[in-house]
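Q: One structure is given below, represented as structure tokens, and several questions about it will come after.
The values are calculated or read from the model by the stated rules, or taken from the named source; none is laboratory data. The shown structure was predicted, so the numbers you read here are calculated from the model rather than taken from an experiment. Note that each Cβ is placed from the backbone with ideal geometry, even for glycine, and that neighbours are counted across all protein chains shown. Surface accessibility is based on the protein's heavy atoms, side chains included, excluding ligands, DNA and RNA. Shrake-Rupley method; radii C 1.70, N 1.55, O 1.52, S 1.80 Å.
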Amino acid sequence: MMDPFAGSPRAEQAADGGDGGDGRRPWARFSSWLECVCVVTFDLELGQAIELLFPPDVKLTEKEKSSICYLSFPDSYSGCIGDTRFSFRLRQSVGRRAPKVRGDVYTRDAAAPLQAETSHFLGFVYFRQVKDVSVKRGYFQKSLVLVSRLPYVQLFHSLLQIVAPEFFDKLEPFLETVCNEIDQWPPPVPGQTLSLPVMGVVLQIRIPSKSDRPGGSPVRDTPSENVLPAPTRLPTVHELDLFRCFQSVLVHLQVLWELTLLGEPLVVMAPSPTVSSETVLALISAISPLKFCCDFRPYFTVHDSEFREYTTRTQAPPNVLLGVTNPFFIKTFQSWPHVIRLGELKTAGDLPKQVKVKKLSKLKSLDTKPGIYTAFKTFLHRDKVLIKRLLKGIQRKRPSEAQSAILRRHLLELTQSFIIPLERYMASLMPLQRSVTPWKAPPQIRPFSQDDFLATLDHAGPQLTSPLKGDWLGLYRKFFRCQNFDGWYRRRHREMSETLERRHLEVVCAADLLGWTRDKSEVELVDLVLKLREKQVRAKGRRQQPRDGVLAQLDRSIADIIGSLPDDLQAVLNAT
């Protein structure tokens with residue numbers, strides 16, 4: 001593979017392990033946003049191949065490089081002429097070391113759906129295919145790909161829209177300049193408005209924080225900043241135009257929301273990787289602020305390393321959401337319980353033609369008509385008022401942004417109505433503050449009882465906040481058996497455990513530890529010091545930090561207890 005940056009100052013600096021004189025690791029800021037940038041081209045002998053890879057010292061396995069190559073070009077059936085943008089997700093190779101945490105601040109403060117991927121890469125593609133008589137195949141075919149662990153689909157596609165057209169003209173030196181500019185960006189910090197300069201444009205963004213009110217975190221004006229040129233404000237780093245993605249399935253939103261909430265095996269068959277990837281990502285965002293914890297592939301091909309794993313007929317389909325474009329998959333996925341077949345968007349008068357729900361047995365041939373092929377029966381009734389409002393908006397030429405806002409608000413309120421009773425019950429499992437004492441280990445969080453939770457729904461269920469009628473109990477029972485519940489429960493349990501640990505540490509530091517030690521043996525004192533040090537280490541590594549001054553007080557308490565011991569024990573403890 002050619003390395004166009006060999007011998008460049010950046011490459012030499014990286015090879016030397018230097019910091020460029022500014023005290024930071026080479027490409028540290030770049031790597032907080034992107035894993036790498038790839039250029040994939042079509043080689044007559046090799047097929048798709050990586051032409052450029054930046055930074056030059058990025059560590060990708062051959063399997064990962066091969067996957068990126070196949071996922072960066074539309075399937076030949078798509079017939080994409082001109083410029084095409086889409087997204088993909090690929091599993092990291094087995095044995096790859098887990099990435100370092102991007103910083104306690106990001107992990108602690110980012111909303112659950114925006115947490116960085118730990119076992120997958122996300123790819124954002126700008127593909128160009130145009131006629132070119134100077135090329136043997138008659139076409140120029142090349143993709144510029146941003147590989148990241150952050151799910152910022154709108155930010156990275158906006159960045160590609162600025163960079164890619166100019167890159168196809170100026171090539172390698174231009175790409176190096178862009179990467180150097182990204183390496184100067186501030187780190188991604190949830191809750192802050194950030195200015196990101198690139199190629200004479202300043203993108204201004206705000207990464208939502210978990211403390212934000214759901215649905216209310218647009219980029220705020222920063223008049224105190226004299227940014228030149230005037231910044232281009234992105235209203236979101238990750239949200240898609242839901243109305244555009246769902247306009248041919250509006251009457252079936254309840255079906256799609258429930259299938260996604262329950263993590264059901266679902267295939268989206270689309271005419272292009274753009275429609276495929278946007279629909280998959282829109283489905284995942286439909287259950288926000290709940291994090292989708294099953295596997296998902298916005299664009300999946302027959303060359304994917306998980307192809308055999310996902311298409312075997314000897315076992316039940318896995319809980320994965322796949323987006324595909326190759327008609328070959330119609331036969332491959334006949335055993336799957338839920339398939340959405342999307343066609344080119346057509347309008348009947350002013351309304352997009354709505355697909356129909358059909359029996360799976362009708363999914364047979366390559367010319368299968370668009371539709372939702374499933375036997376799934378929704379637990380809840382559809383919201384007819386919402387559908388009428390959206391369809392009337394189409395007739396009245398309401399802007400797509402306004403339609404999307406209505407749709408997003410409905411889905412957010414529906415998901416919140418479902419999650420709030422779970423959050424309320426989970427909070428009731430937390431031990432009372434008065435049960436946290438300095439002389440005992442932190443109390444345990446009570447176990448989650450599905451029966452006890454379901455018993456609370458009569459007086460504190462989703463009917464308090466949602467007008468939808470139906471079998472809410474049945475929906476919760478099925479939700480308890482899916483990965484989305486498991487992921488939600490593990491995250492909430494971890495957060496509550498950290499809160500308990502923090503409270504216990506604060507109570508311990510406020511206690512008279514030295515007074516308690518006066519009648520204790522040396523063995524007990526050494527054991528106490530070791531336990532306090534263990535608490536100290538855990539507290540420093542936790543995302544939920546104790547109040548200011550608590551760790552300093554713990555340092556003093558440990559020093560006082562050690563100081564009360566004989567000199568030989570002091571020497572041993574101070575040396576460890």
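Q: Quick one: how many residues across the range 280-300 are assigned to a helix (DSSP H, G or I) and either at pLDDT below 95 or within 11 Å of the chain's Cα centre (by Cα) (or both)?
A: Summing the residues that are assigned to a helix (DSSP H, G or I) and either at pLDDT below 95 or within 11 Å of the chain's Cα centre (by Cα) (or both) in the range 280-300 gives 3.
Q: Moving on to the next point. How many residues does the range 259-300 hold that are hydroxyl-bearing (Ser, Thr, Tyr), open to solvent by less than 30 Å² (accessible area, probe 1.4 Å) and within 16 Å of residue 326 (Cβ to Cβ)?
A: Count: 5.
Q: Follow-up. Please give the number of the condition residue 455 fails out of (1) farther than 28 Å from residue 382 by Cα; (2) among the aliphatic types (A, V, I, L, M); (3) free of Cβ contacts under 8 Å to residues at least 12 places away in the same chain.
A: Residue 455 satisfies all of (1) farther than 28 Å from residue 382 by Cα; (2) among the aliphatic types (A, V, I, L, M); (3) free of Cβ contacts under 8 Å to residues at least 12 places away in the same chain except (1).
Q: Something else about it: Go through 58, 39 for me and flag whichever is open to solvent by less than 40 Å² (accessible area, probe 1.4 Å) and in contact with an Asp or Glu (Cβ under 6 Å, 6 or more places away or on another chain).
A: Working: 58 fails: in contact with an Asp or Glu (Cβ under 6 Å, 6 or more places away or on another chain).
From the options 58, 39, the qualifying one is 39.
Q: Could you please find all residues in the range 431-485 being more than 23 Å from residue 264 (Cβ to Cβ), hydrophobic (A, V, I, L, M, F, W, C) and either open to solvent by less than 30 Å² (accessible area, probe 1.4 Å) or modelled with pLDDT of 95 or more (or both)?
A: The answer is 436, 445, 455, 460.
Q: Run residue 303 past the list (1) buried (at least 16 other Cβ atoms within 10 Å of the Cβ); (2) at pLDDT below 90; (3) not basic (Lys, Arg) and report the number of the one that doesn't hold.
A: Failing condition for residue 303: (1).
Q: Return the pair list, or none, for Cβ contacts closer than 8 Å from residues in the range 42-67 that are farther than 19 Å from residue 167 by Cα and among the aliphatic types (A, V, I, L, M) to residues that are open to solvent by 60 Å² or more (accessible area, probe 1.4 Å) and part of a loop (DSSP other than H, G, I, E, B), at least 6 apart or on different chains.
A: 44/136; 44/137
Q: Do we find that residue 184 is in contact (Cβ under 8 Å) with a residue 12 or more places away in the chain, more than 18 Å from residue 114 (Cβ to Cβ) and of a type in the set (S, T, N, Q) in this structure? Steps first, please.
A: Values: in contact (Cβ under 8 Å) with a residue 12 or more places away in the chain: yes; more than 18 Å from residue 114 (Cβ to Cβ): yes; of a type in the set (S, T, N, Q): yes.
Yes: the conditions hold for residue 184.
Q: Give the residue that is farthest from residue 270 (Cα to Cα), with candidates limited to residues of the range 301-318 that are touching a strand residue (DSSP E or B) at 6+ places or on another chain (Cβ under 9 Å) and among the charged types (D, E, K, R).
A: 306
Q: For residues that are modelled with pLDDT of 85 or more, out of contact with any Gly (no Cβ under 8 Å at 6 or more places or on another chain) and polar (S, T, N, Q), tally how many sit in the range 103-146.
A: Result for the range 103-146: 5.
Q: Please specify each residue of the range 419-448 satisfying the condition of being among the aromatic types (Phe, Trp, Tyr) and within 21 Å of the chain's Cα centre (by Cα).
A: Residues satisfying the conditions do not exist here.
Q: Right, next: Go through 161, 192 for me and flag whichever is within 22 Å of residue 236 (Cβ to Cβ) and without any contact (Cβ under 8 Å) to a residue 24 or more places away in the chain.
A: Values: 161 fails: without any contact (Cβ under 8 Å) to a residue 24 or more places away in the chain.
Only one candidate qualifies: 192.
Q: Considering only residues that are more than 30 Å from residue 107 (Cβ to Cβ) and out of contact with any Leu (no Cβ under 8 Å at 6 or more places or on another chain), which ones fall in the range 495-525? Break it down into steps so the answer makes sense when it comes.
A: Residues of the range 495-525 that are more than 30 Å from residue 107 (Cβ to Cβ), as a first pass: 511-525.
Answer for the range 495-525, where residues must be more than 30 Å from residue 107 (Cβ to Cβ) and out of contact with any Leu (no Cβ under 8 Å at 6 or more places or on another chain): 511, 512, 514, 515, 516, 518, 519, 521, 523, 524.
Q: For the range 403-417, which residues satisfy the criterion of being open to solvent by less than 40 Å² (accessible area, probe 1.4 Å) and farther than 16 Å from residue 282 by Cα?
A: Residue satisfying the conditions is 417 alone.
Q: Which of the residues belonging to the range 119-162 are farther than 16 Å from residue 71 by Cβ, buried (at least 21 other Cβ atoms within 10 Å of the Cβ) and aliphatic (A, V, I, L, M)?
A: Result: 150, 155, 159.
Q: Modelled with pLDDT of 85 or more, under 30 Å from the mean Cα position of the chain (by Cα) and not aliphatic (A, V, I, L, M) - does that describe any residue in the range 352-360?
A: The answer is no, given that none of the residues of the range 352-360 is modelled with pLDDT of 85 or more, under 30 Å from the mean Cα position of the chain (by Cα) and not aliphatic (A, V, I, L, M).
Q: Quickly run through the range 103-118 and pick out the residues that are hydrophobic (A, V, I, L, M, F, W, C), open to solvent by less than 50 Å² (accessible area, probe 1.4 Å) and not in a strand (DSSP E or B). I'd like the intermediate steps shown before the answer.
A: Initially, the range 103-118 is screened for residues hydrophobic (A, V, I, L, M, F, W, C), giving 105, 110-112, 114, 116.
Cutting the leftovers down to open to solvent by less than 50 Å² (accessible area, probe 1.4 Å) gives us 110-112, 114, 116.
If the condition is that a residue be hydrophobic (A, V, I, L, M, F, W, C), open to solvent by less than 50 Å² (accessible area, probe 1.4 Å) and not in a strand (DSSP E or B), then 111, 112, 114, 116 are the ones that fit.
Q: Note down all Cβ pairs under 6 Å where the first residue falls in the range 507-528 and is under 19 Å from residue 436 (Cβ atoms), the second is among the hydrophobic types (A, V, I, L, M, F, W, C), and they're at least six residues apart or on different chains.
A: 507/436; 509/550; 509/554
Q: Please identify the pairs in which a residue from the range 401-416 that is closer than 17 Å to residue 249 by Cα has its Cβ atom under 8 Å from the Cβ atom of a residue that is of a type in the set (D, E, K, R) and assigned to a helix (DSSP H, G or I), counting only partners at least 6 apart or on another chain.
A: 404/244; 406/389
Q: Is one or more of the residues making up the range 172-179 in a loop (DSSP other than H, G, I, E, B), open to solvent by 20 Å² or more (accessible area, probe 1.4 Å) and either polar (S, T, N, Q) or at pLDDT 90 or above (or both)?
A: Within the range 172-179, not a single residue is in a loop (DSSP other than H, G, I, E, B), open to solvent by 20 Å² or more (accessible area, probe 1.4 Å) and either polar (S, T, N, Q) or at pLDDT 90 or above (or both).
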